[in-house]
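Read the structure below first, then the notes.
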Amino acid sequence: MSDAPAAPHRDFIRELIDADVAAQRNEGWVITRFPPEPNGYLHIGHAKSICLNFGLALEHAPKSRCHLRFDDTNPTKEEVEYVESIQTDVQWLGFSWGKHLHYASDYFETLYGYAQQLISKGLAYVDEQSPEEMRANRGSLTAPGIPSPCRERSAAENQALFAEMRAGKFKEGACVLRAKIDMASPNMNLRDPVLYRILHAHHHRTGDAWCIYPMYDFAHPLSDALEQITHSLCTLEFEHHRPLYEWLIEHVDGLPGHPYQREFARLNLTYTVLSKRKLLELVKDGLVTGWDDPRMPTISGIRRRGYTPAAVRQFCETVGLTKFPSLTELALLEHCVREDLNRVANRVYVVLRPIKVVLTNYPEGQVEFIELTNNPENLEAGKRSVPLSRELYIEADDFREEAAADFFRLVPGGEVRLKYAFCIICQEVVKDAAGQVVELHCTYDEATRHGAKPVGRPKVKGTIHWVSAAQAADVEVRLYDKLFTEPQPEEAAGEGGDFRQFVNPASMEVLTAKAEPSVQHALPGALYQFERVGYFCADTKESKPGAPILNRTVALKDSFAKGK
RNA sequence: UGCCUCAUGGUGUAACGGUAGCACAGCAGAUUCUGAAUCUGCUUGUCUAGGUUCAAAUCCUAGUGAGGCAACCA
């Protein structure tokens, strides 16, 4: 990362880590990790965790680092496609794991040894109860569990059985390895949690080498310890797994590191869902075009939509870090992109819904070029020339036959300024047989060129964008809007309801727009502000040379529309 | 009828026993060759009840509310 890490607010996690560093815990090292399961694409909620973990490493350099570790302990759900997309997304956000790309599956042999060690110590046993029996005997939230009949087996017998599990002597579900902790614990996670289960499944990295796989609760803390992670940060739903995490770190001998776990609240955003399972449903049902559909809250989706890494990082910093299960407004995310895009996006004239304007007093066949500033927020972005001629397109929205006084664009007999060109007066409204407006005949005033405001003329308040008709490029524009019509689709659906019923039918509208010539050669990924309209990004997947597709990232704020 | 965690404007957060501040959203105005951006101002808040203290958002007790927990998922 080239950007110098800013100094984020001292949230409760950072305060804790600062105290550890001050106390020279782990000689002052801060080693974190981002541990995704490769069973889906990353979303904006994961970005919060990525920014935290990798951000912490940047803040505490040089005695720090952040690992990317795939928690690939369940071969039935994981795929290399996801492994690859996750790496792309983390890098896109601007972070680097350096040499520290790891997989829990790298530790399978070591983990197996740790399991044997627990068996030797009488702290783990092979249980042959069926999954149903185990569930029934675990008790309930209010009643203690009942010990398994296998609980008091000898270490030697457990050792032999565990070896047979590994050797493939059993069918799936026949038995499991369990920690021997406390069947009466008020914390369900401590009622002899399962450590290993049998899965005759092909693993995307270890192939068929294993038929027993460690559970998250076993693999995760020990993987952290193996990598000498100092601070294992996760979301609130793992809070009551912490005692088990600590139990393992305490009871397994010979660990190279002694990490501890702390939890923070996951991100929730209005007008979307942030659950891999639900996002997968949208993909499978064809309600979106894929994980990277620009309407998806996935990192690949928002990237395609035109969001910048800086905007996403800024957003993650702004939402903060607490233990309160909050619901952040989509408007905050949109604010963060607008803020960044306003700085970096070049301006361009594009008319989304064109209506033709004929300048009756402009010479036929003449074409002149107007010089425009690419980005008034960054003059180094330079200038460009756009053609202007007798026939133009303006936005249909910028003309009204009848309008109230607060509409200061074009009306019959009224005057409006064509940005950076001159003012025009609407002399005639031409309609077809059906009464639809087909074109406007206007006259322009040479005296108003270059923003000139001759004294004694009525003030022209409105300024609109335009595109010269003959040179205009037809480009496909996709107007994206919020994915759901409800701020909380899951809540609105209620218990047993289906959140998919609230997918916004107007979440995508496809149009053929009239653009100034330069837009035709937009490179995939190019970011623009269509003046007076919104921020757009040339689609990286479906654009063709000379035929870009422009995705609307977010509309410009519109205080006129809002008042309506 | 269990256990764990949490509670500050509409939303997200800060204040670490001493003036409740910031951002988003909203509203009003200035400015503007983008009804954008920028600038100014405004509205709105410490869950409730007790207690400790000169002083409580902050400490204590109880209540209320919210989230999480009974996969051989992570």
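The peptide list A:118-125, A:165-172, put in order of mean Cβ contacts within 10 Å with the highest first, becomes A:118-125, A:165-172.
Specify whether the C-alpha gyration tensor of the range A:268-327 places it in the rounded, prolate or oblate class, a ≥ b ≥ c being the square roots of the eigenvalues: rounded for a/c under 1.5, otherwise prolate if a/b is larger than b/c and oblate if not. It comes out oblate by the Cα gyration axes. Each residue, residue A:431 and residue A:493, gets one label point 7 Å from its Cα in the Cβ direction; the gap between the two is 4.8 nm. Distance from the Cα centroid of the range A:495-518 to that of the range A:522-564 is 14 Å (rounded to whole angstrom).
Roughly speaking, what is the stretch gain from residue A:19 to residue A:406, that is 0.36 nm per residue apart minus the C-alpha to C-alpha distance, in nm to one decimal? Numbers along the way, then the final one.
On the way: separation 387, 0.36 × 387 = 139.32 nm, distance 5.83 nm.
Once the chain is fully extended between residue A:19 and residue A:406, it gains 133.5 nm.
Qualifying GluC sites (Glu not before Pro) in the range A:438-522, where qualification requires a DSSP coil assignment and no more than 15 other C-beta atoms within 10 Å, comprise A:495. By the beta-carbon count within 10 Å of each Cβ, the least crowded to most crowded order of A:510, A:477, fewest first, is A:510, A:477.
Computed as a quarter of the hull surface, the mean projected area of the alpha carbon convex hull for the range A:48-138 stands at 9.4 nm².
Normalised by the number of residues in the range A:459-564, what is the relative contact order in percent for Cα pairs under 8 Å and 6+ residues apart?
Details: 170 pairs, mean separation 31.0, N = 106.
Computed value for the range A:459-564: 29 percent relative contact order.
The distance between label points at residue A:289 and residue A:121 comes to 5.5 nm (points 7 Å beyond Cα on the Cα→Cβ vector). Mean silhouette area of the range A:170-225, derived from the convex hull of its C-alpha atoms and averaged over all directions, reads 4.8 nm².
As a test of the formula, what do you get for chain A when each DSSP H run with n ≥ 4 contributes -39,500 (n - 2.57) and the sum is divided by the residue count, at 222 nm and rounded to the nearest 500 deg cm²/dmol? Don't jump to the answer; show the numbers that get you there.
Working: 14 runs with 146 residues, N = 564.
So the helix-based figure for chain A works out to -7500 deg cm²/dmol.
Judged by the gyration tensor of its Cα atoms, with axes a ≥ b ≥ c, the range A:353-472 is prolate; a/c meets the 1.5 cut and a/b is the larger of a/b and b/c. With 26 Å as the limit on Cα-Cα distance, the pairs of A:77/A:171; A:431/A:453; A:278/A:514 that go past it are A:431/A:453; A:278/A:514.
In terms of Cα atoms, the Rg and Dmax of the range A:93-205 work out to 16.5, 53 Å.
Taking 0.36 nm per intervening residue step and subtracting the Cα-Cα distance, what contour gain separates residue A:368 from residue A:110 on full extension?
Working: separation 258, 0.36 × 258 = 92.88 nm, distance 7.42 nm.
Additional length available on full extension: 85.5 nm.
The residues A:66, A:211, when put in order of fewest to most other Cβ atoms within 10 Å, stand as A:211, A:66.
Between residue A:246 and residue A:339, what is the FRET efficiency for a Förster distance of 56 Å, r being their Cβ-Cβ separation, to the nearest 0.05? Intermediate results must be reported in sequence, preceding the final value.
Working: r = 42 Å, r/R0 = 0.75.
Computed FRET efficiency for residue A:246 and residue A:339: 0.85.
By definition, a body whose alpha carbon gyration tensor gives a ≥ b ≥ c is prolate when a/c is 1.5 or more and a/b is larger than b/c, and chain A fits this prolate description.
Only the coordinates and a few stated rules stand behind these numbers; no lab work does. Here the structure is a predicted model, which is why all the values come from computation and not from measurement. Here Cβ is always computed from backbone atoms with ideal geometry, including for glycine, and neighbour counts include all displayed protein chains.
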